[in-house]
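Input: a single structure, listed below in structure tokens.
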Amino acid sequence: MNFIQTRGCDATRAKSVTFSEAILNPIASFGGLYVPENLPELGEAFLNEHLNASYKELAAAMLGRFEIDIEKNVIDEALKLYDKFDNPSNPVPVVKVKENLYVSELYHGPTRAFKDMALQPFGVVLSSIAQKRGEHYLILAATSGDTGPAALETFKNRANVQVACLYPDGGTSDVQRLQMVTEDAKNLKVIGINGVFDDAQNALKRLLASSEFKAALQEKNILLSAANSVNFGRIIFQIIYHIHSYLELVRQSAITMGEKVYLNVPSGNFGNALGAYYAWKMGLPVEKIIISSNENNVLTRLIKTGKYDLRDAHVVNTTSPAMDILKSSNVERILYDMFGFERTRELMQDLESKNFYELSSAELTELQKSFDADFCTGDEGKAYIKDTFDNNGYLMDPHTATCMKSYETCSNPAIKTIAYSTAEWTKFSPVIANALTGEVDAQDIVALESIAKEAKLSIPPMIKELFGKEIVQKTVIEKEDIEKEILKFL
Ligand SMILES: *Cc1c(COP(=O)(O)O)cnc(C)c1O
């Protein structure tokens, strides 16, 4: 299958490209994104056939239907990385929390956040394409805390790929920072910046667009790519777990095959939610996709009013920082799917030039057929964490907690919900400890130990050992010096 472009095609690019090309050069004509030409139809037959398949078998079968230009042995090798999850035979447990609410836990991978679901296999795929083409890539990543560790973990010691990862020094949790600065491999460079996440993100965007930087890389025979969540190479791995979670509910006799469910997704850049939408379009029985946000509630407003309005918007720092986003990139792929490339180009150009777009009422009706949304404040989230722990014995992180609000306000209680848990308690422990006991901890290790005691859990080894590991990545610089620092590393 080939990939086409959300904003149509300019004269300089091919109308359609292979999967490999779409993931190596993820930005399409007019600044658009690549999308599959058409989605494979799976239908109930596929679900029935794979009812008892393992996660990896399901993934291989689904990826097979996409007919992408990646050899089967590479896909198999990529999927083997799910063996690194807590339970290799079921990397994504789905747990009943209350009567009709189930939580699909996407965080059982090496870095304890859901970014591993896609980035783990993506690292193998990208490295193998680079080797096959005899090319060397520099992957740039800017992170507020979860993408960085997951990207470093997946590309560590992989052939033909180097990674430069930018993070705001002091802007991540202790665990997130330690996950990055203790990564020891020759092909990885972690750079702390005196600034905030936006400084890191802006530096990354500037470098990706800079022809001088590209020329300097070319002299070293290095090409440039990015591992951010607009890359379809990540999205494709995010369709699988929605299908898996549904089949888990059938296997647990919580639903019967064909019964519709809500998929409730804590959203930032909309990659997870887009995977849910594609799974639905491919035949998963879904009632609606519910988009959960924090105080940065642009998506709630879009889905409720049809207006994407950034004219007076500022990012606020919340207790769920991985969702502190205003420009939610993957919404564009939904616009394309519903309204076509001409309208998508128009809307996205409005967003870029006026910081605003508005759907027509017919378009809004169409959007609301698939999506509903609500947002949850940090205080509400902490109350949900405490309440769900006290009354249901289930511990969740602040990102997952945003789903609890929309679960109450957006769903028909007769219909079952799968809510997605995107991070383990270990990654955002000070907020959770505060929710459970009221304590205020300056350090993650104090909060971790307190939660472990309170909830009778043990701190998983890969988190515990971080605190004793040697810090090998010591670079912290001014944002003006990023380019120089990266070239020095190469
Ligand atoms: C990245 C992330 C999200 C947001 O996911 P999107 O696919 O960008 O919408 C939510 N929660 C956590 C913990 C994350 O790391």
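Observations on the model:
- Highest mean packing first, where packing is the average number of other Cβ atoms within 10 Å per residue, the peptides 443-449, 336-342 line up as 443-449, 336-342.
- Peptide packing for 310-316, 113-119, 459-465, 325-331 was compared via the average number of neighbouring C-beta atoms within 10 Å per residue; ordered from the highest value, the list is 113-119, 325-331, 459-465, 310-316.
- Averaging Cα coordinates gives a centre for the range 119-166 and one for the range 199-215; these two points are 17 Å apart.
- Look at the Cα gyration tensor of the chain: its axes a ≥ b ≥ c give a/c under 1.5, and that counts as rounded.
- For the chain, the Cβ-based charge dipole about the Cα centre amounts to some 680 debye (Lys, Arg positive; Asp, Glu negative; other atoms uncharged).
- Taking the DSSP bridge list for the chain and keeping only pairs wholly inside it, about 25 percent are antiparallel.
- Peptides 122-130, 378-386, 220-228 ordered by packing proxy, namely the average of other Cβ atoms within 10 Å per residue, highest first: 122-130, 378-386, 220-228.
- Dimensionless Rg over Rh [the range 231-379; C-alpha; Kirkwood]: 0.98
- Once C-alpha pairs closer than 8 Å and six or more residues apart are averaged by separation and normalised to the residue number of the range 349-490, the relative contact order reads 16 percent.
- Alpha-carbon centroid distance for the pair the range 355-432 / the range 276-333, whole angstrom: 11 Å
- Relative contact order of the range 93-242, defined on C-alpha pairs under 8 angstrom at six or more residues apart (%): 24 percent
- Relative contact order of the range 129-194: 36 percent, from C-alpha pairs under 8 Å at least 6 residues apart in sequence.
- Of K453/K479; K214/K307; K288/K479; K281/K327; K405/K427; K416/K456, pairs whose Cα-Cα distance is over 32 Å: K453/K479; K214/K307; K288/K479
- Helix-derived mean residue ellipticity, 222 nm - over the chain, DSSP H n ≥ 4, -39500 (n - 2.57), to 500: -13500 deg cm²/dmol
Where a number appears in this text, it was derived from the coordinates with a stated rule and is not lab data. The shown structure was predicted, so the numbers you read here are calculated from the model rather than taken from an experiment. Glycine also receives a Cβ, built like all others from the backbone with ideal geometry; neighbour counts cover every protein chain displayed.
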